[in-house]
Amino acid sequence: MGVRTYNEELQYLEKISPVAWRIKKGFVSNMKVEGIFYVNSHLEKLMFDELRNFCRPGSIGGFLPGMKQIGNVAALPGIVSRSIGLPDVHSGYGFAIGNTAAFDMDDPKAIVSPAIVSPGGVGFDINCGVRLLRTNLMEKDVQPIKEQLAQSMFDHIPVGVGSKGIIPMNARDLEEALEMGVDWSLREGYAWAEDKKAL
């Protein structure tokens, strides 16, 4: 399928509230569920400008528009309910920034399983603070202490510009970490040997 005109693309979009838009099936080939995204007027303009530029005859390169990325996620095997663009949504790598999706872990065709993770959905590109963590804990271990765990994470994970983490680092330490990668994390006790197999 070729690139549709901007007006043709608009036929697949429906404003359902002052801050929400529905992306209908067909906007992207093979969508299994609809998409929805939530935006203020500023981000709404950005999202539609991305789409308009994408549809411009002769345009090449760049990111896919955030709406197309939400549609692509809606086409992934095993997705349930909707592909959702949260209120910070904009074009990213694969998943749109702010794109959220849930997948049926019991669906053998799903893109996720206990052994598969899609880093496009965890902010790998700009080190935005989103992390995927692996532990040996089970849900039953975490449930009784989830509030304490959340507070501890809040206390120890830096947020915002200029924040400092609990790992003291000078320029030399940072250079070593960048050169050695996961081996540095292993040496310093921040990773397990099995983590190397997952990278």
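We did not get these values from a lab; they are worked out from the coordinates using the rules stated. Bear in mind that the values here come from a model prediction, so they are computed numbers and not experimental data. All Cβ positions, glycine included, derive from the backbone under ideal geometry; neighbour counts span all protein chains shown.
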Set of aspartates and glutamates with alpha-carbon distance to LYS25 below 12 Å, sequence-local pairs under 8 removed: GLU9, GLU14, GLU34
Can you run phi through the Karplus equation (6.51, -1.76, 1.60; θ = phi - 60°) for region 23-40 and list ³J(HN,Hα) in whole Hz, with x for Gly and Pro? 9, 7, 4, x, 4, 10, 4, 6, 4, 8, 9, 7, x, 8, 9, 10, 8, 8
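For a quick protection proxy, order the peptides 185-195, 144-154 by their average other-Cβ count within 10 Å, most packed first.
On the way: 185-195: 12.4, 144-154: 10.5.
Order by mean packing, descending: 185-195, 144-154.
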The answer for the net charge of residues other than GLU179 whose Cβ lies under 15 angstrom from its Cβ, with Lys and Arg +1 and Asp and Glu -1, is -3
Beta carbons within 10 angstrom, averaged per residue: use that to sort the peptides 134-143, 172-181, highest first. 172-181, 134-143
Quickly work out the ILE167-to-LEU149 label distance, labels modelled 7 Å from Cα along the C-beta direction, and quote it in nm with one decimal. 2.1
Taking alpha-carbon centroids only, region 1-31 lies from region 62-109 a number of Å equal to 14
Hey, with R₀ at 41 Å, roughly what FRET efficiency would LEU186 and ASN30 work out to, going by the Cβ-Cβ distance, to 0.05? 0.50
Residues with amide H under 5 Å of ALA102's amide H, sequence separation 5 or more or different chain, H placed in the peptide plane at 1.01 Å from N; which? VAL80, ARG82
